[in-house]
Amino acid sequence: DHVETRTRLRATWPLLLLAAVASCADGGGPTTPVGGAVDLSAEWESAAPASLGMDAAALAAALDHGETLPQLISVVVVRHGRIAAERYYRGNHADSLNDVRSVTKSVVATITGIAAQDGLLSAESTIADRMDEWTASLDPARRAISVRHLLTMSAGFEWNESTAPGYNDWVLSPDPIAHVLQKPMLHAPGTTFTYNSGAVHLLSVLVEKYAGERIDQIAAAKLWPRLGVSRVPREIFPHDGRPNSGAGLALQPRDMAKLGWLWLERARSGETQVISEDWVDRGTRAAFSWWPTWEPLHEQNYGALWWLYRSGGRSAFYAWGHGGQFIWVDPSLQLVVVTTNNWRNVPSAVISAATRASMELIVNRVIPAVR
């Protein structure tokens, strides 16, 4: 029941410059990976690019180009489950924690999938039954908002993420949940894409109410150990101690690559099925009509807290954080590429340039190194 127009998309979020990788050209899920699933709880293994089917000189040239990008602080390239290359810039290191901003949302998609795998909720679970602290007096349309609507950014609230007061007005509000729920409803839930960090935080609290524990607690028990991740600082809302689920997670670049590889492997880490394959398909399936976007990308869409991309017969999906934090996942190439950038205390024009430059590095320099 998702219907969207390009005009409305431009109106709801003017910063739609880049696209995530889609499930496949016909809108289905990612392809089955080659070989057995990588045990992501262990450290990454590295291998020579040539042994992984990559042009070593072209890959080195891509990473050398990264030296010319003033905000870029890391690139990690994983192919066939091995690190083919990585480079750290401007004082960043392999063990540095980088604030990945809205990559946090794709982590929330994964944690929600864990709760669904455990039978605690479904995509059609609504806020009506579990959030009366906020929703008892709300109209039926708001009370009918479901997990699916929140995952696909189609709850229907009036929201403009990219202009003042926007995100900052929400994140500084005394009650971020009430702030979202009290926004006017511009569209019926499930019909219109409107990028909304506050709605993703609403999703995380809904998961908490169904699961009986906060999403960071679920992740600490059932996600991070399976990825071998031990350091995961988060922004915390001071009034209730909940983590900000719209942004603010910090990860090492190699750990970002593990999240990408988990989804590439259809949610398997070694012998463990972390979330269901159906949830992976849901997350990487186009929820809206495709729309054109800026080069080096061609067509863009949104799944369930993952961005989607296609160009001709090629497709991929990706996590995208403010300022050029990317986890690019191409199952057909058995490829994951991570970039992180310094986004703090720089003008918006610099942020936009860094975002574009990082995507150009991935699409026009790293991917062509695949043989």
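The values are calculated or read from the model by the stated rules, or taken from the named source; none is laboratory data. As the structure is a computational prediction, the values presented were derived from the model and not from experiment. All Cβ positions, even for glycine, are placed from backbone atoms using ideal geometry, and neighbour counts span all protein chains on display. Keep in mind that these areas ignore ligands, DNA and RNA; they rest on the heavy atoms of the full protein, side chains included. Shrake-Rupley method; radii C 1.70, N 1.55, O 1.52, S 1.80 Å.
Put simply, the amide H of Ser46, placed in the peptide plane, has neighbours under 5 Å in Ile83, leaving out anything fewer than 5 places away on its chain. In whole angstrom, note down how far apart the Cα centers of region 66-124 and region 201-272 are. If we compute the Cα centre of each part, the gap is 11 Å. Considering all C-alpha pairs of region 315-371, those separated by over 18 Å amount to 32%. Expressed as a fraction of 2.2 N^0.38 Å, the value expected for a compact globular protein of N residues, the C-alpha radius of gyration of region 251-341 is 1.07.
Taking 16 Å as the straight-line reach from the Cα of Lys183, none of the lysines fall in range once those fewer than 8 positions away in the same chain are excluded. 3J(HN,Hα) along region 351-362: 4, 4, 5, 5, 4, 4, 5, 5, 5, 5, 4, 5 Hz, from the Karplus curve 6.51 cos²θ - 1.76 cosθ + 1.60 with θ = phi - 60°, whole Hz, x for Gly and Pro.
Each peptide in 75-87, 314-326 gets a packing score, the mean of other Cβ atoms within 10 Å over its residues, and the list from highest to lowest is 314-326, 75-87. For region 41-122, a crude dipole built from +1 on the beta carbon of Lys and Arg and -1 on the beta carbon of Asp and Glu, taken about the Cα centre, is about 200 debye to the nearest 20.
Across region 52-63, computed HN-Hα scalar couplings (Karplus, 6.51 cos²θ - 1.76 cosθ + 1.60, θ = phi - 60°) run 9, x, 10, 6, 4, 5, 5, 5, 4, 5, 4, 6 Hz from first to last residue, x flagging Gly and Pro. Couplings for region 295-303, taken from phi via the Karplus curve 6.51 cos²θ - 1.76 cosθ + 1.60 with θ = phi - 60°, read 5, x, 8, 10, 10, 10, 7, 9, x Hz in order; Gly and Pro are left as x.
Relative to the Cα centre, the charge distribution of the chain, modelled as +1 at Lys and Arg Cβ and -1 at Asp and Glu Cβ, gives a dipole magnitude of about 460 debye. Each peptide in 111-121, 56-66 gets a packing score, the mean of other Cβ atoms within 10 Å over its residues, and the list from highest to lowest is 111-121, 56-66.
Panel note: the C-alpha atoms of region 167-258, placed on their principal axes, show extents of 42, 30, 26 Å (largest first). Only one residue of Ala155, Ala109, Tyr88 has its Cα farthest out toward the positive end of the dipole of the chain, where Lys and Arg carry +1 and Asp and Glu -1 on Cβ, and that residue is Tyr88.
Ignoring lysines fewer than eight residues from Lys222 along the same chain, the ones with Cα atoms less than 28 angstrom from its Cα are Lys105, Lys209, Lys258.
Where only DSSP H runs of four or more residues are counted, the chain gives -8500 deg cm²/dmol as its mean residue ellipticity at 222 nm, each run worth -39500 (n - 2.57). Taken along the Cα-to-beta-carbon direction at a fixed 7 Å, the label points for Trp294 and Ala94 span 3.4 nm. Residues Met185, Met153, ordered by accessible area of protein heavy atoms at a 1.4 angstrom probe radius and largest first, appear as Met185, Met153.
Share of pairwise Cα-Cα distances greater than 27 Å in the chain is 42 percent (whole percent).
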